[in-house]
Amino acid sequence: MVIAAGVAGALVIVLGILAYALVFGWFGERQSAGEIAGSRVPATELARRMAAARVPAAQDQSPIPIAQGGKQILFGDLHVHTTFSLDAFQMGLPLLQGEGVHPVADACDFARYCSALDFWSINDHVEGMTPAQWRETKDSIRQCNASAGDPANPDLVAYLGWEWTQIGSTPDNHYGHKNVVLRDTQDDRVPVRPIAAASIPGTLAAGAAGGADRLQRLLFSLTAPGGDRQTYFDFALYSADRFAQQSCPHGVAVRALPDDCLETAATPAELFAKLADWGYPSLVIPHGTTWGFYTPPGTTFDKQLKGADHDPGRQRLFEIYSGHGNSEQYRPWRATAHDVQGKAYCPAPSENYLPSCWRAGELIRARCTESGESAAVCDARASAARQHYVDAGVSGFLAVPGQRPEDWRDSGQCRDCFLPSFNYRPGNSGQYALAIRNFDDPEHPKRFRFGFMGSSDNHFARAGTGYKEIDRWGNTEGGGASRPGAPNDPERDRGEALPESRAFDPVTSELAAFELVEIERQASFFMTGGLIAVHAPARDRGSIWDAMVRREVYATSGDRVLLWFDLENGPEGRAPMGSEVRMDGNPRFVVRAAGAFAQEPGCPDYAKRAVGAERLARLCKGECYNPGAKRKPIVRIEVVRIRPQSHPDEPVETLIEDVWKRFDCPQDKEVCEARFDDPGFAEGARDAVYYVRAIEQASPAVNGANLRCEYDEAGRCVKVNPCYKDYRTPRDDNCMADVEERAWSSPIFVDYATAP
């Protein structure tokens, strides 16, 4: 007995040591930034791109260059993640049907040969990044630029940056995600440490540590094949390195901090102050602003115009579209409302919007009625369910026991928006941001003056994923449980569909990270990515950067639409998109657009020769940017006018005119051109903002119909067919549907000459 007890005790100790070793990555290997395989694309290919960027004029059909005023249009992606992001590493694991690691070097090769971009930036989440990974990131970006050839005429410009991933628990402390992009790459011209967002208890970000630890324990309980098991060991070491990192002390100047600590900023004001202390050129780009996946209901941009939470010198651009959807359009409805005492409650449905909290009441009422309870009891339970949903914030769906993604139909979504982000938050939209002012200083009211850009927000090192509508699992954020009953199967623990709701508190819940949010339903809102286009006099780093600073940029939903938008009669002559002018006469504008080239299958020969068939197949899935000779037609141009608030109580919905003007395009010409003026500007005597959308003929796109509703005769969504992340949607199903791809110009800001 004594011997048996001793053996058992020894076995417990050995198993304990083994468990410790697994969790802390003793068997893992640290992932590197990888090796860049490709070099500069051939000169003939660059010449072909410039020659192809010639379109006939809209009226006389004579050839004109893409350049106007000595400028050319270049396309890029300023929002790219690699395996150095914690969530990206997780999504690459076999348990989530991932395809393994994708380091920084993959992003360089993808941008050069798969998507054929002109520029891109790295933007990994620094909340999960170690000092060694930051050093490797800098080295890899410099290698990507070194392989681009002549710095005055590179084939590809790579920018250094990171993502400040802030998530709040309430509208008051939520500021959202912002990408920091740096102009330079030299060690003495960039911060020693990237700056992370401070974590707030009860949020998705705060749960990430617990979620990652739980995922580790889960992974190591699996009987994975040897090769797969090593990936889990590597992830364990990655996580252990991250969680062992020490936070920087607060209140210390950035240059006096230790090089290897984790530096954080709790608010945009702190972030801007730290960037100012470093003194290096940088841009800070808000993104995912309407994405209700993590944004608390009721969040608006108003608070970011207070104090120092907006830096107009750095915060020049706004990500209006990405692989996570559109953040352009404003709507007056809200997911929650507040009574006179400030208490949140569930608003009634309105045209084109069904609040998810209201749908929660409908679900409970139906279950309650089916269980035989009286109408009065079921009414009370429906009311309680609505409030339970509201009180739980972004985790409101967990207030309904046994709920499934299909139960929610299209609740919470913007039904009449173009490819909207999931659980849309209109108070954080681009249109809302341009319409509001802050009047804390009545003599000098503050407002946002954003230029518009698009991006991919891809987590598999794939910059510029919108070049072809392929591979939902690699070019979007798809990826989930591989089989029913798997440890990460979202269907496993939903519980019984009870006829009564429950209070749910994310702060005290044992659930963590992605368990707290609607991970399956939002998968239908992952699209291939957008792009930023710049008008620049040359393709070098400085020329592209200067175009972004002056906001002479536009966004696309992925297609390489050519777009020009100019004020013709500015005080100093023609003024391009992004300009600010003051005038008292009526402004006159011209817009010109040409559709993107239709794509041919496969990859160009130069790409095949550069990186080899095997690497090209893994990165590009055998499909590269491969333009044919014919452009897609532009079917119409839409003009949006916004007149910013003149006093704090002016309703925003009365200030946004969408669509203000519309021009249908002739289909027998490659270029659509329109001219218009604002005959009421001088008489109205108030500031105005103008931007345009150039819209292509509809074509199939991944997740183009989002939840794929079936409608009744009244036009109500009565059934959905979600495009799941997991096994329920086959891997070869790209969930295609026709959409009208488009480009959004940056606004032109026309201030009335004598306005305050």
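The values are calculated or read from the model by the stated rules, or taken from the named source; none is laboratory data. As the structure is a prediction and not an experimental result, all values here were calculated from the model. Backbone-built Cβ (ideal geometry, glycine too); neighbour counts: all protein chains shown.
Screening residue 604 with (1) modelled with pLDDT of 95 or more; (2) closer than 30 Å to residue 668 by Cα gives one miss only, at (1).
For segment 285-310, a residue qualifies if it is part of a strand (DSSP E or B) and either within 13 Å of residue 191 (Cβ to Cβ) or among the charged types (D, E, K, R) (or both), but none of them does. Of all residues in segment 84-120, which are polar (S, T, N, Q) and farther than 15 Å from residue 33 by Cβ? If the condition is that a residue be polar (S, T, N, Q) and farther than 15 Å from residue 33 by Cβ, then 90, 97, 115 are the ones that fit.
One line per residue, one yes/no per condition, for (1) aliphatic (A, V, I, L, M); (2) modelled with pLDDT of 85 or more:
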position	(1), (2)
516	yes, no
531	yes, yes
539	no, yes
556	no, yes
567	yes, yes
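What residue, among those in segment 600-652 that are in contact with a Gly (Cβ under 6 Å, 6 or more places away or on another chain) and in a strand (DSSP E or B), is farthest from residue 436 (Cα to Cα)? Among them, the one singled out is 631.
Take the conditions (1) crowded, with 19+ Cβ neighbours inside 10 Å; (2) farther than 22 Å from residue 548 by Cα; residue 457 misses just one of them, which is (2). Residues in segment 474-496 include at least one that is on the phi < 0 side of the Ramachandran plot and assigned to a helix (DSSP H, G or I). The residues in segment 491-503 that are in contact with a helix residue (DSSP H, G or I) (Cβ under 8 Å, 6 or more places away or on another chain) and modelled with pLDDT under 90 can be counted, and the count is 0.
Here residue 366 clears all of (1) out of contact with any strand residue (DSSP E or B) (no Cβ under 9 Å at 6 or more places or on another chain); (2) of a type outside the set (D, E, K, R); (3) not assigned by TED's automatic domain parsing to the domain that holds residue 392 except the condition numbered (3). Go over the candidates 623, 673 one by one and state the one that is surrounded by 14 or more Cβ atoms within 10 Å (Cβ to Cβ), acidic (Asp, Glu) and within 30 Å of residue 462 (Cα to Cα). The match here is 623. The residues of segment 525-547 that are in a loop (DSSP other than H, G, I, E, B) and either under 21 Å from the mean Cα position of the chain (by Cα) or within 19 Å of residue 460 (Cβ to Cβ) (or both), listed by number, are 526, 527, 528, 529, 530. Looking only at residues in segment 548-557 that are part of a loop (DSSP other than H, G, I, E, B) and more than 22 Å from residue 324 (Cβ to Cβ), the one that is nearest to the chain's Cα centre (by Cα) is 551. Any idea which residue in segment 668-679 is nearest to the chain's Cα centre (by Cα), counting only those that are modelled with pLDDT under 95 and in a loop (DSSP other than H, G, I, E, B)? Among residues in segment 668-679 that are modelled with pLDDT under 95 and in a loop (DSSP other than H, G, I, E, B), the one nearest to the chain's Cα centre (by Cα) is 670.
When segment 561-576 is examined, which residues are found to be assigned to a loop (DSSP other than H, G, I, E, B) and surrounded by fewer than 23 Cβ atoms within 10 Å (Cβ to Cβ)? Of everything in segment 561-576, those that are assigned to a loop (DSSP other than H, G, I, E, B) and surrounded by fewer than 23 Cβ atoms within 10 Å (Cβ to Cβ) turn out to be 571, 572.
Note on segment 354-378: among residues that are in a loop (DSSP other than H, G, I, E, B) and within 28 Å of the chain's Cα centre (by Cα), the one that is farthest from residue 400 (Cα to Cα) is 354.
The combined condition, being assigned to a loop (DSSP other than H, G, I, E, B) and crowded, with 24+ Cβ neighbours inside 10 Å, is fulfilled by residue 335. Scanning segment 497-524 for residues that are part of a loop (DSSP other than H, G, I, E, B) and of a type in the set (Phe, Trp, Tyr) gives a single hit, 504.
Within the option set 128, 176, being over 21 Å from residue 280 (Cα atoms) and either in contact with a Pro (Cβ under 7 Å, 6 or more places away or on another chain) or aromatic (Phe, Trp, Tyr) (or both) holds for one residue only, 176.
Among the residues of segment 424-438, the ones that are assigned to a loop (DSSP other than H, G, I, E, B) and either of a type in the set (Val, Ile, Thr) or within 11 Å of residue 302 (Cβ to Cβ) (or both) come to 2 in all. The single condition among (1) of a type outside the set (Asp, Glu); (2) surrounded by 21 or more Cβ atoms within 10 Å (Cβ to Cβ); (3) in contact with a Ser or Thr (Cβ under 9 Å, 6 or more places away or on another chain) that residue 117 does not meet is (3). Looking across segment 338-362 at every residue that is among the hydroxyl-bearing types (Ser, Thr, Tyr) and surrounded by 14 or more Cβ atoms within 10 Å (Cβ to Cβ), the one that is farthest from residue 553 (Cα to Cα) is identified as 345. One residue alone among 410, 416, 441 is assigned to a loop (DSSP other than H, G, I, E, B) and free of Cβ contacts under 8 Å to residues at least 24 places away in the same chain, and that residue is 441.
Using the structure shown, decide if residue 462 is touching a residue at least 12 places away in the same chain (Cβ under 8 Å), of a type in the set (D, E, K, R), crowded, with 21+ Cβ neighbours inside 10 Å and assigned to a loop (DSSP other than H, G, I, E, B). When the stated conditions are applied, residue 462 passes them. Which condition number does residue 725 fail, the rest of (1) among the basic types (Lys, Arg); (2) more than 30 Å from the chain's Cα centre (by Cα); (3) at pLDDT below 95 being met? With respect to (1) among the basic types (Lys, Arg); (2) more than 30 Å from the chain's Cα centre (by Cα); (3) at pLDDT below 95, residue 725 is out only on (2).
When restricted to residues that are closer than 17 Å to residue 471 by Cβ and either in contact with a helix residue (DSSP H, G or I) (Cβ under 8 Å, 6 or more places away or on another chain) or buried (at least 24 other Cβ atoms within 10 Å of the Cβ) (or both), segment 731-748 contains 4.
Tallying residues that are of a type in the set (S, T, N, Q) and more than 19 Å from the chain's Cα centre (by Cα) within segment 305-339 yields 1.
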